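The values are calculated or read from the model by the stated rules, or taken from the named source; none is laboratory data. All values reported here derive from a predicted model rather than from experimental measurement. Glycine also receives a Cβ, built like all others from the backbone with ideal geometry; neighbour counts cover every protein chain displayed. Side chains are part of the model used for accessible areas, which takes the heavy atoms of the whole protein and leaves out ligands, DNA and RNA. Shrake-Rupley method; radii C 1.70, N 1.55, O 1.52, S 1.80 Å.
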Amino acid sequence: MSTTAKRAGFSARRDQLLETATELFYRNGCHTTGIDRILAEAGVAKMTLYKHFRSKEELVLAASQRFHDQLREDFQSFVEQGDLSPRQQLLAIFEFMANWCQKPGFCGCPSINLAVQYPDHADPIHRAAAEHKRIREQFIANIARQAGAEKADQLARALMLLIEGATVLRQVTGRSDFVREAGDAAEVLVSHYLG
């Protein structure tokens, strides 16, 4: 077998391990998902795990990064789709949230879940969750500036409060009307800030 083929197989096993870990950590939590279960479901050996990740925490970090990158890409692509004006993009955020919260297997916000499981603000996993929120807030603030909001950062924080509150309430209660109502409140806020 060539070196290139070996590397490809090695990379495929790493990807399979990471994909399985990402799904299990999101669905079941990091602390309650053991390494043996991840290895069994991924169909890889323990040696594969430790060739790529020195610890379970490193695997959690990589899995959280993978999930956040995908969610951020989906979120931004949806909001920036088509010929939406910046004002329409601000409201499209809540359309995305409504769709995302209705997907089968929805288990809440991965960042909030991680922050709860790793509550120490100095923990690298908690910091990764906080960074995801910072990036989202910055993205929303940039759209608010493009829409002409004088207090774009303030509007972004207000919309983040609606997003986070609706997501948590959807996760805890199972009710999707919170997300719809957050979208209605967002229209009021956007009108207030943009005139």
Pair list, Cβ < 8 Å and 6+ apart or interchain, from region 32-49 residues that are over 9 Å from A21 (Cα atoms) and surrounded by 12 or more Cβ atoms within 10 Å (Cβ to Cβ) to residues that are at pLDDT 95 or above and among the aromatic types (F, W, Y): none
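Sort through V179, V116, V188, V168 and tell me the only one that's free of Cβ contacts under 8 Å to residues at least 24 places away in the same chain, hydrophobic (A, V, I, L, M, F, W, C) and closer than 26 Å to T22 by Cα.
V116
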Candidate set from region 58-93 (those that are more than 10 Å from the chain's Cα centre (by Cα) and open to solvent by less than 10 Å² (accessible area, probe 1.4 Å)); member that is farthest from E187 (Cα to Cα): L59
Test result for S77, part of a helix (DSSP H, G or I) and in contact with a Pro (Cβ under 7 Å, 6 or more places away or on another chain): no
